[in-house]
Structure formats: structure tokens, C-alpha cells
Amino acid sequence: MDGEPIVFRRADHGARILVVDDDALSRRSVRAMLERGYYTVETAEGGEEALALLPSFQPELVLLDIQMPGMDGLEVCRRIRELPNGELLPIIFLTGDERPEMHAQALRVKGDDFLRKPVMPAELITRIRSLMRLKRLQAEIRAERDSLLDLQKQREQLFHFIVHDLKNPLSAIQVGLELLDDGDQAPDSSRPHLHRLRETAQAMGRMIQDILDIGRAEQVGLELRRMQVPLDIWIPRLIREVEAQAQSRGHGLAWECPTGLAVDADPEFLRRVLMNLVDNALKYSPSGSQTRIEARPVEGGVRLAVRDQGEGIPEPMREQIFGKFVRLEEGGPSTRSGSGLGLAFCQLVAEAHGGRIWVEDNPPRGSVFVMEIPTAGAVPSA
Ligand code: ADP
């Protein structure tokens, strides 16, 4: 079989192969086979010598005898795998040992392949070629994955900068609209339009803030400024903020909270969660319906709920809608503006407080978004 012709691929020409074997005859014969195939060969007669050669020779594949005095092939393989990028170096074991457990041991130390001595040139070259091809593909996939990750990071940064830069011009628009709406220059006929513009600008502002906060939370987590929030005073104040918006859409707002109930939370994040939920309730309910904010104590914490009489959310979507960019009516004929980020933000806030948020049915019509916040240190009740 020694004279059998072998077709070599260009990619393998000159590839550096390190042959490690304590038997001089074996080293010589393997070197001859490889050099006939135009590989660049270096040999080592033991484990220590092989490891010492790695930095200068930089092999693209290692042929490793298992039984060697001193450091055996299994140990050499283990050490190579621990080196930076060592897990990518193709290693083929060569051994005269016929015991099946030898094979298992070789794979356990993360050898790639196993050949029995005396090795046939055709088999040796075929295995080398296919292993190198496999490793090349693996390296290409890794490089592609790394560049995709880089690209994704760059896109996220760009997205963040753009969104961040929208904040200032939007604030200027909001101030301008407020001056117009609150002053007496605007004719009465334009007031409804001004109102609508103010609402739209506010919703945009919330969207921008949600995007920025989600980005920050994903990188470093949300930084909470917890304090005791007296819900029976705080909820009616929040309702006053959205009353005009609700009225202009023909919605009723109501609330319910036992006197003296407080929650240990970040009031600003809590406010934005409830604003998002109420905003959705108004957006996804027909005119004439009522939205209620409810708060009550539960074991170990407080439960807050926003109950609407809207279109409801189909059971299979109830978890998914808390994902980023998930919208149920994307592209539909009655598309209402939104980013699909509001509920993702609400979930981040609930989790940052050690709590959770979910949605239930509100029979006969609508949904209830429920958020439970445990008393600091307590576990939320089921
Ligand atoms: P957005 O409202 O900006 O689309 P959200 O993350 O707040 O994003 O909501 C995700 C999706 O969940 C919405 O697009 C909508 O389809 C659905 N949804 C949210 N709140 C309600 C609700 N109160 N009633 C019905 N559907 C809702």
C-alpha cells in the first residue's frame, strides 16, 4: 500500500505537522510519509520536547504517540488543550496499543482522532486531510461568529447613540408645545391638535427612555433608588397625570387601594411601569371602557394590577408579549404606534425589584396586568 497514489489538496501543502514519538524508526517512517505529501514536518521524541517546540514551530496538526517514557501522549494532549487556542489544534493519536479503553482515554483528553500503528500512508493522509478541513471550517465559523458579534455590538451602540440624541430635540418640541398649549396665542380650533401632539411627544419620550433603560439594564442592570411609596396617595396622583389623556379618548379611570398601603420600590421606575400599562390599556381598549389601577397586600409583598376592558391577549401570547420588540398587531390594518418595548421594560423593572409581572384574562372582556413586588428581602407569593 506504500506506493498508493494520494491526491493532495492545495490547502494542505506545506502545512506544519509535529510528530511526537519516542521510537526513532516510527518517527522516521511517519516523517517520510508526510514529506512525500509536501507537509512540513518537525519531530519530537518526548512530551516535554513537543510542548517546548509548539511556540516556535506553531504546528497545524500534531501526531502523538500515546506510550512514551516520562510525559505520555495523553498528558501532552491535555496540556495542549489548556493553552490559549489549544482546543483548536488538531491532534491525532498513534498507538500500538489495541485495548479499546485506550481509544476512550484518548477521546476523554479531547484528542480528535486515533490511528493504530503501524499506520498506512493512505489512511494517515486521508485522516489528516479530513481533520484539517474540519478544523478549518470550525475556525471559519468561529471567525464569522466573532465578526457577527462585533457587528451586532456596533449596531447596538449606534442604535443607542441615535436614540440618545433624539432626547434633546424631543424635549425642545415638548417645551414648545406646552408653551403653545398653556398660553393664549393658540386659537381654540387648534387646541385638540396641540393636545394630541403633546400626548404623542410624551409617548415618544417614554419610548426613548424605555429603550435607553433596557440597553443599560442589559449591560449593567437597573440601579434602583428604593424608598417607601405610599400607594394610597401615590396612585391618585398618577391618575391625575393621565386623566386628560383618558378623557380625550372617552375612557374612564378608577383606582382602589387600602389606606396606608406602601411598597418598598423605586418610585420613578414604578411610575413608568404603571404609565406604560395604563397607556397600553387606553391604546388597546375601545372608547367608553374603563381602566382600573388596583393595589393590595399579598403574603410577602404588594400586588399592583391594571385592569382593562380591551381586546385581551390570546393565551399563547401572554408570555411572549414581555419580550423585546414583540407586538401582536405588527403590520395589521389598524396598526397603532408602539415599539414593542414597553412591556419588556416593565418586566425588567419587576425583576430588578425581585418581583414578577404577568397578564391574565379579565372576563368578560380585557386583560389584567399584574405586578408583584416583594417587601425588600421577601420572596414573591405564588
Ligand atoms: P407597544 O405597546 O409599544 O407595542 P408593549 O411592549 O407595551 O409595546 O406591548 C406589546 C404588545 O402587547 C402590544 O403591541 C400589544 O399587541 C399587546 N398589548 C399590550 N398591552 C395590551 C393590552 N392592555 N391589551 C391588549 N393588548 C396589549
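The values are calculated or read from the model by the stated rules, or taken from the named source; none is laboratory data. None of these values were measured; they are calculated from a predicted model. No Cβ is skipped: glycine too gets one built from the backbone with ideal geometry, and neighbour counts run over all protein chains shown. The protein model used for the area step is the full one, side chains on, heavy atoms only, and it has no ligands, DNA or RNA in it. Shrake-Rupley method; radii C 1.70, N 1.55, O 1.52, S 1.80 Å.
Numbers for the structure displayed
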| item | result |
| --- | --- |
| Cα Rg, Dmax, the range 91-156, angstrom units | 17.5, 56 |
| Segments 155-166, 291-302 sorted - mean Cβ within 10 Å per residue, highest first | 291-302, 155-166 |
| Most to least accessible of Glu223, Glu268, Glu42, Glu311 (protein chains only, probe 1.4 Å) | Glu223, Glu311, Glu268, Glu42 |
| D_trans [Stokes-Einstein, Kirkwood Rh over alpha-carbon pairs] for the range 227-374, 20 °C, 1.002 mPa s, µm² s⁻¹ | 138 |
| Carbon + sulfur, % of accessible area of the chain - ligands and nucleic acids excluded, 1.4 Å | 54 |
| Antiparallel %, DSSP beta bridges [both residues in the chain], to 5 | 50 |
| Qualifying lysines (Cα of each under 27 Å from Cα of Lys324; at least 8 residues distant if same chain) | Lys153, Lys167, Lys283 |
| When the range 16-119 is reduced to its Cα atoms, the Kirkwood hydrodynamic radius in Å | 13.4 |
| The range 279-304 and the range 258-277: distance between their alpha carbon centers, rounded to Å | 12 |
| Descending semi-axes in whole angstrom, ellipsoid equivalent of the chain, from the Cα gyration tensor | 69, 24, 19 |
| For the range 16-119, with +1 on Lys and Arg beta carbons and -1 on Asp and Glu, the positive-most of Leu18, Gly37, Met68 along the dipole | Gly37 |
| Charge dipole (debye, nearest 20) of the chain; +1 at Cβ of Lys and Arg, -1 at Cβ of Asp and Glu | 600 |
| Signed unit charges on C-beta, dipole axis of the chain, positive-most listed residue Ala246, Pro316, Ile211 | Ala246 |
| The chain - mean residue ellipticity at 222 nm from DSSP helices (-39,500 (n - 2.57) per run, n ≥ 4, rounded to 500) | -16500 deg cm²/dmol |
| Candidate lysines for bridging to Lys135, where Cα separation is under 21 Å - those fewer than 8 sequence places away on the same chain excluded | Lys110 |
